[in-house]
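Notes for the one structure printed next.
The values are calculated or read from the model by the stated rules, or taken from the named source; none is laboratory data. Since the structure is predicted, the reported quantities are computational estimates derived from the model, not experimental observations. Here the Cβ is made from the backbone with ideal geometry for all residues, glycine too, and neighbour counts use every protein chain on show.
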Amino acid sequence: MSIRERLSGNEAIATAMRQINPDVFAMFPITPSTEIPQYYAQYVADGLVDTEFICVESEHSSLSACLGAEAAGCRAVTATSSAGLSYMNEVLYVAASLRLPVVLAVSCRALTGPININHDYSDSMAERDSGFIQLYGENNQEVYDNYLMAHRIAEHPDVRLPLMVCEDGFITSHAIENIELEEDEAVQSFVGEYHPRDYLLKTENPLAVGPYGVSAYYMEARVAQAQAMINAKKVILDVSAEFAERFGRSYGFFEAYRMEDAKLAMVIMGSSAGTAKTCVDELRDKGVKAGLIKVRVFRPFPGEELKEALKNCLAVAVMDKSEGFSSCGGPLFAETASACINLDRRPKMIDIVYGLGGRDFTVKAGEEVYQRLAAIAETGETGPVYSHLGQREA
């Protein structure tokens with residue numbers, strides 16, 4: 001039986017962590033993820049969990065401590081944001097290459113510089129090729145649910161990869177929303193205990209691991225890692241199907257909102273999707289065949305599935321809440337355009353970078369995007385493929 005509650009995204013993640021009761025939580029605070037270890041420290045003090053809670057001197061150290069714990073056969077978690085995630089950069093790649101399924105909660109926040117504590121995806125997108133699975137939530141409910149599924153996905157024997165549960169800094173991390181929590185026993189039954197097959201301190205077959213990959217073996221290790229990311233697609237869907245059966249809330253790689261007959265579509269991520277859905281509803285009331293794809297799983301990227309969802313559209317706007325500095329668009333656009341490259345009839349596609357550093361995204365701004373798509377569909381001319389939305393003009 002679900003429990004009705006009102007929680008922020010950070011407290012929802014901390015609650016999911018408490019229900020799972022990991023072996024190790026290594027923490028170093030950074031805005032806006034600081035509340036997650038803060039809540040968890042209280043759970044430890046109150047005796048609600050038996051987690052080894054480790055305070056370290058940096059984000060590099062917090063993830064390093066998690067790696068040591070995972071290598072020793074423990075279930076380990078941590079949380080971070082922005083520059084903290086960047087400071088972990090080296091260890092992110094180590095975690096993925098060693099196939100250690102750490103679950104990392106990320107309250108996404110703009111990267112310096114200039115210094116900014118508000119939301120965009122420049123931090124998580126900078127680490128998109130680190131080898132971490134990445135799940136993104138639109139609201140607090142989805143963030144909580146993503147976390148409940150995270151360990152099942154990351155620890156699956158066909159995957160064994162670390163995973164980021166990403167939420168929008170302040171927008172979902174601190175805003176309080178109505179949410180349905182599951183009972184502790186139901187969560188523990190769903191997630192299960194962690195029983196890794198091989199780990200360093202296993203007495204039955206103690207292991208030695210050489211961290212240096214010589215040329216004769218490095219590529220094979222990388223290919224195996226890449227195959228694990230491919231395997232993760234099926235596991236994500238399988239875990240989501242079981243989650244829906246148990247708890248009644250369904251998730252896929254993405255949400256296709258009013259896409260059945262859509263000719264104009266927006267591809268977007270996170271909390272901005274809620275605003276965009278309102279825009280789609282208003283346009284539908286006016287007879288405009290508008291639709292929306294909200295990407296939930298960015299790694300592994302659901303290219304084939306997204307291509308199928310967009311194939312009948314005339315014009316598509318990909319909304320990047322991260323500046324790629326590529327001179328031709330952001331990371332979500334690069335992935336989406338690549339997925340559609342071999343369609344026999346491709347939709348005209350543009351990239352719009354928006355919302356950087358917490359800049360507002362409004363229904364009116366969404367309408368401007370769809371107006372531009374309507375003009376593209378009518379004329380066949382895209383105009384600038386790569387542009388910015390919402391900035392003050394010189």
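Residue pairs whose Cβ atoms lie under 8 Å apart, sitting 6 or more positions apart in sequence or on different chains, and linking a residue in segment 129-143 that is over 20 Å from Lys277 (Cα atoms) to a partner that is in a loop (DSSP other than H, G, I, E, B) and among the β-branched types (Val, Ile, Thr), are Ile133/Val159. If you check Ala244, Ala262 for being in contact with a strand residue (DSSP E or B) (Cβ under 7 Å, 6 or more places away or on another chain), of a type outside the set (Asp, Glu) and either surrounded by 15 or more Cβ atoms within 10 Å (Cβ to Cβ) or farther than 30 Å from Arg359 by Cα (or both), only one passes: Ala262. Annotation note: Cβ proximity below 7 Å between a residue of segment 196-224 that is aliphatic (A, V, I, L, M) and modelled with pLDDT under 85 and a residue that is outside any loop (DSSP other than H, G, I, E, B) and exposed (fewer than 11 other Cβ atoms within 10 Å of the Cβ) (sequence gap 6+ or interchain) occurs for no pair.
Report yes if Val288 is of a type in the set (A, V, I, L, M), more than 27 Å from Gln141 (Cα to Cα) and touching a residue at least 60 places away in the same chain (Cβ under 8 Å), otherwise no. Spelling it out, Val288 is indeed of a type in the set (A, V, I, L, M), more than 27 Å from Gln141 (Cα to Cα) and touching a residue at least 60 places away in the same chain (Cβ under 8 Å). Just wondering, is there one or more residues in segment 168-182 that are at pLDDT 95 or above, under 30 Å from Asp320 (Cβ atoms), assigned by TED's automatic domain parsing to the domain that holds Val91 and of a type in the set (Phe, Trp, Tyr)? Within segment 168-182, one or more residues are at pLDDT 95 or above, under 30 Å from Asp320 (Cβ atoms), assigned by TED's automatic domain parsing to the domain that holds Val91 and of a type in the set (Phe, Trp, Tyr).
Against the numbered list (1) part of a loop (DSSP other than H, G, I, E, B); (2) buried (at least 21 other Cβ atoms within 10 Å of the Cβ); (3) not hydrophobic (A, V, I, L, M, F, W, C), Ser250 comes up short only at (2). Only a single criterion out of (1) surrounded by fewer than 22 Cβ atoms within 10 Å (Cβ to Cβ); (2) touching a strand residue (DSSP E or B) at 6+ places or on another chain (Cβ under 8 Å) is not satisfied by Gly213, namely (2). Scanning segment 93-136 for residues that are buried (at least 22 other Cβ atoms within 10 Å of the Cβ) and within 19 Å of Pro37 (Cβ to Cβ) yields Ala95, Val102, Val103, Leu104, Ala105, Val106, Ser107, Cys108, Arg109, Asp123, Ser124.
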